[in-house]
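Taking it in order: structure first as structure tokens, then the write-up.
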Amino acid sequence: MPNTFVIESTTEGVIDDTNHGSRAGGTLHADATTSVAGFMSAADKTKLNLVPSGGGFLQSAVAAQPVVDISTSSAAFVDMPGITVSITTGANKVIIWFTSLFETTSAGAVTGYRLLIDGVNQGGGNLKPGGSSGLVASINKLAPVTAGLHVVKVQWRVSAGTLSCKPTTNPDTAHVSLIVAEVSA
């Protein structure tokens, strides 16, 4: 017999119920758990089938978080310094999180911020604080993108005085960050 060897009266290369046990989905092995190896249950296999072939929902991520104080006195939208990221994606979606704690030198000034993907405005908002400090801006966005390189940035403006974020001067309170994550569609 070619490629057949006898080891302790079990023929290698030939597996049947006699030398292995029940092979047709029986109970020879228990289902796997987080602490014990075993077979996968049908319910767990259904969940596993939801994971994209690329290996997971999160494909890539980039972030910008300046550690220097930034400010603007512009009444027109201008790029927020240090809050631009580039990300190369597949034809998927991106989740974008932007958050910052601002302050103004002019109480009652109207401040604005907006999100751009590849130069196209994705929305934002205007805020008119009652005072000059503690102005929280936040944008959360889920957007489809084509495969390729994308530039994501935040722009800001102020109607009077100066709008600033001071993570160096006030590290315990002031912050600004932009996170962009590609997720499978």
What's the number of the condition L50 fails, among (1) modelled with pLDDT of 90 or more; (2) over 16 Å from the mean Cα position of the chain (by Cα); (3) of a type outside the set (V, I, T)?
(1)
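Would you call L101 closer than 14 Å to S164 by Cα, in contact (Cβ under 8 Å) with a residue 40 or more places away in the chain and among the hydrophobic types (A, V, I, L, M, F, W, C)?
It is true that L101 is closer than 14 Å to S164 by Cα, in contact (Cβ under 8 Å) with a residue 40 or more places away in the chain and among the hydrophobic types (A, V, I, L, M, F, W, C).
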Suppose the filter is modelled with pLDDT of 90 or more and under 25 Å from the mean Cα position of the chain (by Cα); does A76 pass it?
no
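The values are calculated or read from the model by the stated rules, or taken from the named source; none is laboratory data. The shown structure was predicted, so the numbers you read here are calculated from the model rather than taken from an experiment. We place every Cβ from the backbone using ideal geometry, glycine too, and count neighbours over all the protein chains shown.
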